[in-house]
Amino acid sequence: MEFRKAVPSDLTRIMEIIKDAQLYLKELGIDQWQNQYPSEETILTDMQNGHSYVLLDEENIIATVAILFDGEKTYEHIYDGAWLSNQDYAVLHHLAVRKTSKGNGLSTDIMKLTEELCKERSITSIKIDTHEQNLGMQHILKKNRYTYCGVIYVEDGTKRLAYEKLLA
């Protein structure tokens, strides 16, 4: 498998994965990603900022994620808890796996690859948030030793559960 930064020619395949994830969440009755987010514009902005990554199996994009190393405005205020650290951190956003590849541990693979990128940059913390009804992602976070830290509110005002992992 190959993990690399996304390029504009990846957009169609990335959006197929995002749309699969949106439909999956809708079928579960979870309103996360149901407002056309993340949009093509969001993904293109991630690409332009160097945040968008893809995981490939041979030539096929099977997962996508945005990894930010420059902070997250909505993480400045956390409620009903506290972050584990105040140091520099990476943020994971828009993590999605191709429908036909679900259940193969690819989310865990992406989290491990993110940890490697962090270590290369001397970053010792990763933060992520998810919808309170997204039990699948919560399970993946617990499995990968992320600690629940409290509640944040994203730009549209919706509540998200916030997690952090400190890297050794």
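The values are calculated or read from the model by the stated rules, or taken from the named source; none is laboratory data. For clarity, every value in this text was computed on a predicted model and none was experimentally measured. Using ideal geometry, Cβ is built from the backbone for each residue, glycine included, and neighbour counts are taken over all protein chains shown.
Going by the conditions given, is Arg160 among the charged types (D, E, K, R) and on the phi > 0 side of the Ramachandran plot?
Criteria not met by Arg160.
Quick one: count up the residues across the range 22-45 that are modelled with pLDDT of 95 or more and of a type in the set (A, V, I, L, M, F, W, C).
Qualifying residue count for the region: 2.
Restricted to the range 114-139, and to residues that are touching a residue at least 60 places away in the same chain (Cβ under 8 Å) and buried (at least 18 other Cβ atoms within 10 Å of the Cβ), which residue is farthest from Tyr75 (Cα to Cα)?
Going through the qualifying residues, I end up with Asn134.
Evaluate the range 89-100: report whether one residue or more is polar (S, T, N, Q) and within 14 Å of the chain's Cα centre (by Cα).
no
Which pairs turn up if I take residues in the range 80-91 that are within 14 Å of Thr114 (Cα to Cα) and in contact (Cβ under 8 Å) with a residue 12 or more places away in the chain and look for partners that are surrounded by fewer than 18 Cβ atoms within 10 Å (Cβ to Cβ) and of a type in the set (Lys, Arg) with beta carbon separation below 9 Å, at least 6 apart in sequence or on another chain?
Once the first residue is within 14 Å of Thr114 (Cα to Cα) and in contact (Cβ under 8 Å) with a residue 12 or more places away in the chain and sits in the range 80-91, its partners that are surrounded by fewer than 18 Cβ atoms within 10 Å (Cβ to Cβ) and of a type in the set (Lys, Arg) give Ala90/Arg121.
Every residue, every condition in (1) surrounded by 17 or more Cβ atoms within 10 Å (Cβ to Cβ); (2) among the polar types (S, T, N, Q); (3) out of contact with any His (no Cβ under 6 Å at 6 or more places or on another chain), yes or no:
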position: Asp10; (1), (2), (3): yes, no, yes
position: Ile14; (1), (2), (3): yes, no, yes
position: Ala82; (1), (2), (3): no, no, yes
position: Leu92; (1), (2), (3): yes, no, yes
position: Asn104; (1), (2), (3): no, yes, yes
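Just checking, which of Asp57, Asp88 is acidic (Asp, Glu) and under 16 Å from Ile17 (Cβ atoms)?
Going through Asp57, Asp88 in turn, the sole match is Asp57.
For the range 103-113, which positions are within 17 Å of Glu2 (Cα to Cα) and either basic (Lys, Arg) or more than 10 Å from the chain's Cα centre (by Cα) (or both)?
Selection gives Asn104, Gly105, Leu106, Thr108, Asp109, Lys112, Leu113.
Restricting the search to the range 63-79, which residues are surrounded by 12 or more Cβ atoms within 10 Å (Cβ to Cβ) and free of Cβ contacts under 8 Å to residues at least 60 places away in the same chain?
Scanning the range 63-79 gives Ala63, Thr64, Val65, Ala66, Ile67, Leu68, Phe69, Gly71, Glu72.
Do you know which residues across the range 49-83 are at pLDDT 95 or above, outside any strand (DSSP E or B) and farther than 25 Å from Ser122 by Cβ?
Residues satisfying the conditions are His77, Asp80, Gly81.
Could you grab me the full set of residues in the range 100-141 that are within 24 Å of Ser85 (Cβ to Cβ) and of a type in the set (D, E, K, R)?
Lys112, Glu115, Glu116, Lys119, Glu120, Arg121, Lys127, Asp129, Glu132
Taking the conditions exactly as written (among the hydroxyl-bearing types (Ser, Thr, Tyr), within 25 Å of Ile14 (Cβ to Cβ) and modelled with pLDDT of 95 or more), does Thr114 satisfy them or not?
Taking the combined requirement at face value, the residue satisfies it.
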